Structure formats: structure tokens, C-alpha cells
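Please read the structure below before turning to the comments.
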Ligand SMILES: Cc1cc2nc3c(=O)[nH]c(=O)nc-3n(C[C@H](O)[C@H](O)[C@H](O)COP(=O)(O)O)c2cc1C
């Protein structure tokens with residue numbers, strides 16, 4: 001059977017959209033991510049969106065961590081089995097034409113679910129062999145936090161952006177951009193805060209077009 005060009009494009013190219021908030025439609029990071037996906041799709045109509053909820057990823061156990069350091073061709077059958085989920089998530093990342101992550105800040109850093117995803121995708125395929133597989137991957141990270149951490153006095157307490165910056169740089173990403181939805185606390189607590197000038201959601205939405213248009 002012959003592939004039609006549009007089907008080929010669909011198979012070959014997808015946009016990976018990872019989210020972590022468990023608050024569903026109440027989540028500010030999820031809402032901004034939906035807007036980002038809309039903006040992206042308007043510009044890249046042939047590119048499918050593949051979604052991944054990090055909350056479904058179990059924490060890394062020792063067998064998986066050990067297997068992830070062994071070159072694939074030297075892995076034993078037990079290593080292959082232990083590495084299977086990490087391998088799937090890593091291939092999914094390497095195969096993507098762009099990545100967006102939407103995440104809350106939890107206790108000054110990432111939710112443990114996002115850390116579980118990170119612990120799976122940093123491995124022999126991305127880091128230990130310095131593969132360069134992610135050199136062309138644009139990464140956008142949408143962050144919602146109760147307080148204001150993307151600017152001002154609290155920046156020194158922000159361990160989430162520096163961690164993500166370090167992780168992605170170490171695995172060879174060269175283009176990482178943050179979209180900041182903060183302070184999101186008032187949006188949940190203060191009646192009418194969503195209509196206030198300069199509110200966190202409006203601020204984040206104003207950053208979306210520039211983040212989406214930089215992706216070719
Ligand atoms: C366990 C937990 C820890 C949190 N830690 C922080 C924090 O360190 N700093 C902060 O500004 N907000 C913190 N928050 C607030 C969330 O970042 C905020 O509610 C955010 O909007 C959640 O993202 P979401 O709206 O996408 O679900 C925390 C919330 C929870 C549930």
C-alpha cells in the first residue's frame with residue numbers, strides 16, 4: 001500500500017505534550033498548555049500531538065536505573081525488560097519534533113511525577129553516550145506556581161527552572177524556553193483575580209505566541 005504524503009507526515013512528525021498536574025481542568029498549567037497546543041496546531045496543521053501524563057510513570061527502581069546505563073547492544077534480556085519503559089519514553093522524546101511540558105511547582109521543585117519522567121529519559125540513549133539525539137528539539141516548559149518565582153525576590157528559591165535547564169542542557173537540548181504562570185495562587189483564592197490586569201494566567205497566555213512561533 002502506498003502512503004499518501006499527509007499520512008507520511010503524520011507518522012513521521014509529532015509534537016510531544018507532557019503534563020503533570022492532577023487538577024485536570026482546574027489546573028493553570030494544563031489550561032496554558034491547551035492554549036499552547038492550539039497555537040502550535042494553527043501553525044503546524046500536519047503535526048500530530050502525542051500526550052503523556054507523567055503521573056502514570058512509576059518511580060525508577062534499581063534494575064531500570066542500572067539497565068539504563070548499559071549500551072543497548074550489551075543489555076541482557078533482564079536489562080531489556082527493566083529498561084523497557086525508559087526506552088519507550090526516551091524513543092518517544094527523541095522521535096518528537098518539539099516538546100512542551102506543563103507543570104506546577106511543588107515544594108520549590110518539580111512534582112515527583114515529572115522527576116520520574118526525567119529519571120526515565122536520562123539514560124544511555126540520551127546522556128551516557130552523548131548522542132546528540134536531542135540537539136534539534138525545541139523544549140517549552142509551562143510552569144504554574146502559587147507564588148511569584150519567575151522574577152523578583154523569590155527567584156533564588158526557584159529550584160525548578162534551574163533543574164530543568166540543567167537536565168535538558170545535559171542531554172543536549174539547545175533551545176529551552178519557559179512560559180511563566182505565576183503567581184497563580186490568587187487565581188484560586190481571590191474572587192475576580194482572573195479579571196485583574198496582569199494576572200498570572202493572562203501573563204502566561206501573552207507568552208504563548210512567541211514560544212509557539214519560534215518552533216519551525
Ligand atoms: C504539594 C504542593 C506543593 C506546592 N509547593 C509550592 C511551592 O513551593 N511554591 C509555590 O509557589 N506554590 C506551590 N504550590 C502551589 C502550586 O504550585 C499552585 O497551586 C499551582 O497553580 C499548581 O499548578 P496547577 O494549577 O497546574 O495544578 C504547591 C502546591 C502543592 C499541592
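Here, each number is a calculation from the coordinates, and none is a lab measurement. This structure is a prediction, so every number in the text was calculated from the model and none was measured. Positions of Cβ are generated from backbone atoms using ideal geometry, with glycine treated the same way; all protein chains shown enter the neighbour counts.
Results, tabulated for the structure shown:
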{"item": "Pair residue 74, residue 213: separation of 7 Å Cα→Cβ label points (nm)", "result": "4.9 nm"}
{"item": "Cα principal axis extents for the range 56-140, largest first, Å", "result": "38, 28, 18"}
{"item": "Order of 83, 159, 62, 15 under a 10 Å beta carbon neighbour criterion, fewest first", "result": "62, 159, 15, 83"}
{"item": "Kirkwood Rh and Cα Rg combined as Rg over Rh, evaluated for the range 160-205", "result": "1.19"}
{"item": "Among beta bridges that DSSP assigns inside the chain, antiparallel share in %, nearest 5", "result": "5 percent"}
{"item": "For the chain, alpha-carbon Rg relative to the globular expectation (2.2 N^0.38 Å, N residues)", "result": "1.07"}
{"item": "Between 0 and 90°, nearest 10: helix 77-94 axis offset from the chain longest Cα axis", "result": "50 degrees"}
{"item": "Helix 200-213 axis, angle to the chain major axis (alpha carbon atoms, nearest 10°)", "result": "40 degrees"}
{"item": "Mean Cα-pair separation over length for the range 5-213, i.e. relative contact order, pairs under 8 Å, 6 or more apart, %", "result": "23 percent"}
{"item": "Principal-axis tilt of helix 160-170 within the chain, Cα atoms, nearest 10 degrees", "result": "30 degrees"}
{"item": "Globularity index of the range 1-129, i.e. its alpha-carbon radius of gyration over 2.2 N^0.38 Å", "result": "1.19"}
{"item": "Mean residue ellipticity (222 nm) of the chain, computed from DSSP H runs ≥ 4 via -39,500 (n - 2.57), nearest 500", "result": "-12500 deg cm²/dmol"}
